[in-house]
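The values are calculated or read from the model by the stated rules, or taken from the named source; none is laboratory data. What you see is a predicted model; the values in this text were computed from it and never measured. Methodologically, a virtual Cβ is constructed for each residue, glycine included, from the backbone with ideal geometry; neighbour enumeration extends over all protein chains shown.
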Amino acid sequence: MLNRERYFEEDGITVKKEMSYLPWLQYLVAGAEYYWNAERIEKMADKKNNAVLQYVMRTLDILDEVKDISAEDYRMIRSVLCWSEVAKAGSTEDRQRWRKRGYPLEIHNEASAMIYLDHTEPQSNGIDPVYILIKTHGLAGQFIRGECRMESSRDLVLLKDVMSKDRFCRIIEILNRCIIEAVSQEIYMNVKDRIRSFGEDIYEEKFTELESAERLHRLLPNNGMPDEKAIDFFKDSVFPKYDLWYFQSALEPFGMNGAYRIVQKAIESISSDNNIRHINFKPLADEIYYDYEGKKHINTYKQRILEKYIADPSSYQEHVLLTFIKKGIFLEAGVHFTPVCEKMIEFCVEAERSHLLSYEKCITLLFDTFGFRRDAFDRLNNEEKYLQTMNATETSTKLSILEYVKGEKVVDVGSGGGVLLNALEDKYPHKTIIGTDISTNVILALEKKKAEEGRHWLCCKHNFVEGVFNEKVDTILFSSIIHEIYSYTDLGNGLFDYESIRRALRNAADSLNKGGRIIIRDGIKTPGSEHIKIHFKTKDGLPFFKQYLSDFRGMDHELTDDRKVLHIDDKEQYVITDINFGREFLYTYTWGKESYAHEVQECFGYYEIKDFIELFEKMGFKILRADSFLEPGYPEHLSPLVELVDPISEDIIPFPDSNCIIIAEKL
């Protein structure tokens with residue numbers, strides 16, 4: 001029988017007869033404010049659920065699945081699981097009473113153990129295994145994660161007086177299985193062997209702490225290996241003295257250097273207070289998450305502002321402040337944004353949800369006003385999703401260009417989500433692969449990806465419009481990046497300036513060894529000035545086109561408004577438009593509303609094939625390949641939405657070519 005069924009009716013109401021004699025259940029049900037952990041929820045709306053109560057029920061269900069356990073040990077472990085989370089719950093009156101008694105509610109294992117003692121008789125031999133196991137509850141997992149010292153579990157040694165080594169290790173193993181598997185079965189399977197070793201070492205009193213570098217790596221597993229300065233700081237000033245709570249969920253977004261600086265400030269705030277044993281980063285973690293498209297997401301605006309503050313506190317304390325509050329044996333680390341700054345962040349989040357072009361301009365203005373970092377290419381809160389979309393294009397034609405790579409040093413320009421970097425490393429494991437991007441945010445995402453996946457490619461911030469690469473290389477790839485250079489670079493004559501393309505390619509040419517290659521896969525302009533009819537199959541299509549007609553400026557320099565569109569028919573839901581304007585619209589339309597505010601600012605097809613050939617021949621290159629094609633994904637996405645028609649013959653016509661591949665070799 002599942003424990004939920006034992007303790008709760010179908011409508012979720014607690015069974016009264018169970019409540020009447022189970023104070024732990026009363027406390028869990030009466031939670032005044034639902035406790036939540038940013039690492040353990042899928043979306044912020046889940047904060048409204050009693051996650052602690054649900055978690056305890058899961059631990060009890062897992063215990064009921066355990067075989068080969070004595071009735072005595074079952075009852076002991078069950079009592080531990082029932083009581084171990086009560087300090088996270090309780091009514092308002094309960095919590096006030098506990099605080100008056102000095103129970104450290106933020107260190108929930110210690111406080112829960114104290115609350116348990118309020119409801120039990122003292123043991124005749126002075127050793128209560130349930131109390132000791134509650135007090136050390138979860139510390140094995142925290143030690144494995146690097147959050148606490150093994151020394152923090154020393155109280156477990158007291159159990160040697162009342163049980164054998166085999167029994168002790170079995171209890172530790174079962175208890176931690178329930179604790180960890182209730183969070184994630186995958187996590188438990190990854191650590192189960194370490195849990196067994198942990199129990200054996202404790203019983204034998206082998207309190208061997210993790211090396212500082214290893215502990216730091218476990219704390220921030222996705223941020224690469226720390227440098228010597230960070231290792232020495234944590235080794236000398238942090239690890240010997242403090243246990244760290246919610247470290248990864250709070251500090252991982254800021255990278256190893258950012259985490260190092262935040263912890264430095266925490267240690268400085270402690271000063272000579274020798275009572276502090278714990279640093280709790282949960283208030284910081286609570287502050288930097290919100291729901292984006294129904295899922296928990298880092299609030300990138302808060303992240304960027306905090307990054308700026310961390311780098312230069314004196315200049316930004318008028319907007320944001322890290323807070324460190326001493327509460328008995330622990331230090332609580334959080335963050336405070338000024339009301340004006342909070343309103344700015346709130347506006348940016350809501351404006352971005354609208355998917356309107358106007359939000360880009362407003363957000364840029366606000367960030368400029370506050371002096372916060374925002375790169376021109378950032379999509380901010382949907383940057384991660386956009387990069388994931390890019391990462392999902394492995395079946396596209398972009399991988400075909402790898403066949404033309406030559407030489408030992410290869411540069412991928414505008415690496416974005418890192419698809420080509422991974423593909424290049426897989427295909428050419430002995431070459432030096434270097435990714436570049438002009439966005440700091442993208443470089444940070446690439447560094448994180450590299451650490452997570454154990455990759456060996458390199459990445460750096462570089463802009464070929466501004467200069468040559470810092471070393472000579474053999475191949476430079478521009479995959480879906482030149483159209484962004486064309487769309488976002490202003491050299492003094494506005495955007496959509498062909499000189500930006502020429503300058504980027506000239507600098508790339510000057511960065512090549514003799515015989516080196518430039519490889520381009522990008523959008524392509526359709527030859528001629530014909531018109532096409534776009535017939536919309538959904539009610540959203542024509543409004544989308546009208547909005548695009550109002551917002552897209554990428555062809556203003558070559559098409560007047562009357563040439564862009566000859567006719568719009570609201571009744572029949574079609575437009576007759578210039579073939580290149582229509583092509584630009586179609587390949588923005590396929591991305592949908594979410595990416596509209598960004599994609600509408602880009603002109604995807606800027607050169608015809610002949611223009612590429614002419615430019616490279618003038619620079620002293622020979623052309624090895626120059627052709628255009630329709631990327632397979634476009635008709636797949638667009639066919640349910642639109643139909644293309646010849647406006648004269650009324651025949652259905654295919655979509656125009658979307659992409660090109662140019663392979664040019666330096667003579």
Checklist (1) surrounded by fewer than 20 Cβ atoms within 10 Å (Cβ to Cβ); (2) in contact (Cβ under 8 Å) with a residue 24 or more places away in the chain; (3) farther than 25 Å from G414 by Cα applied to D562, failing item: (2)
In region 203-244, the residues that are assigned to a helix (DSSP H, G or I), touching a strand residue (DSSP E or B) at 6+ places or on another chain (Cβ under 9 Å) and not β-branched (V, I, T): L219
Identity of the residue in region 458-473, more than 14 Å from D510 (Cβ to Cβ) and surrounded by fewer than 21 Cβ atoms within 10 Å (Cβ to Cβ), that ends up farthest from the chain's Cα centre (by Cα): N463
Region 466-490: number of residues that are closer than 22 Å to E584 by Cβ and either charged (D, E, K, R) or not in a strand (DSSP E or B) (or both): 11
Single unsatisfied condition, C148 versus (1) farther than 23 Å from R75 by Cα; (2) part of a helix (DSSP H, G or I): (2)
Qualifying residue in region 390-413 (condition: in a strand (DSSP E or B) and either modelled with pLDDT under 95 or basic (K, R) (or both)): yes
Failed item in (1) touching a Phe, Trp or Tyr at 6+ places or on another chain (Cβ under 6 Å); (2) of a type outside the set (V, I, T); (3) free of Cβ contacts under 8 Å to residues at least 12 places away in the same chain, with E425 passing the rest: (3)
In region 395-444, the residues that are among the polar types (S, T, N, Q) and farther than 21 Å from E471 by Cα: T395, S396, T397, S400, N422, N441
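Residue-wise test of (1) crowded, with 23+ Cβ neighbours inside 10 Å; (2) within 25 Å of R277 (Cβ to Cβ); (3) in the same structural domain as V263 (by TED's automatic domain parsing).
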residue: S84; (1), (2), (3): yes, yes, no
residue: T92; (1), (2), (3): no, no, no
residue: S112; (1), (2), (3): yes, yes, no
residue: E121; (1), (2), (3): no, no, no
residue: Q142; (1), (2), (3): no, yes, no
residue: C148; (1), (2), (3): yes, yes, no
residue: L158; (1), (2), (3): no, yes, no
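Among the candidates E631, E643, which residue alone is closer than 29 Å to A508 by Cα, surrounded by 14 or more Cβ atoms within 10 Å (Cβ to Cβ), in the same structural domain as R553 (by TED's automatic domain parsing) and among the acidic types (D, E)?
Just a single option satisfies the conditions, and that option is E631.
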Within region 55-117, helices (runs of 4 or more DSSP H) holding 1 or more residues that are closer than 16 Å to G328 by Cα, modelled with pLDDT under 95 and under 34 Å from the mean Cα position of the chain (by Cα): 108-117
Answer from K618, K622, K593 - the residue that is in the same structural domain as K546 (by TED's automatic domain parsing), closer than 27 Å to I476 by Cβ and in contact (Cβ under 8 Å) with a residue 40 or more places away in the chain: K622
Matching residues in region 565-590 - criterion: being surrounded by fewer than 22 Cβ atoms within 10 Å (Cβ to Cβ), over 15 Å from S529 (Cβ atoms) and more than 33 Å from the chain's Cα centre (by Cα): H567, I568, D569, D570, K571, E572, Q573, Y574
Qualifying residue in region 493-504 (condition: at pLDDT below 95 and exposed (fewer than 14 other Cβ atoms within 10 Å of the Cβ)): yes
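Residues checked against (1) over 24 Å from G633 (Cβ atoms); (2) modelled with pLDDT of 95 or more; (3) assigned to a loop (DSSP other than H, G, I, E, B):
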position	(1), (2), (3)
I568	yes, yes, no
N580	no, yes, no
F585	no, yes, no
E594	no, no, yes
H598	no, no, no
Residue among I187, I195, I180, I174 that is modelled with pLDDT of 95 or more, part of a helix (DSSP H, G or I) and not assigned by TED's automatic domain parsing to the domain that holds A311: I174
T440 vs. criteria touching a strand residue (DSSP E or B) at 6+ places or on another chain (Cβ under 7 Å) and over 24 Å from E631 (Cβ atoms): yes
Total residues in region 325-341, condition in a strand (DSSP E or B) and over 25 Å from R304 (Cβ atoms): 4
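Just to be sure before I move on: is F604 part of a helix (DSSP H, G or I) and buried (at least 16 other Cβ atoms within 10 Å of the Cβ) in the structure I sent?
Taking the combined requirement at face value, the residue does not satisfy it.
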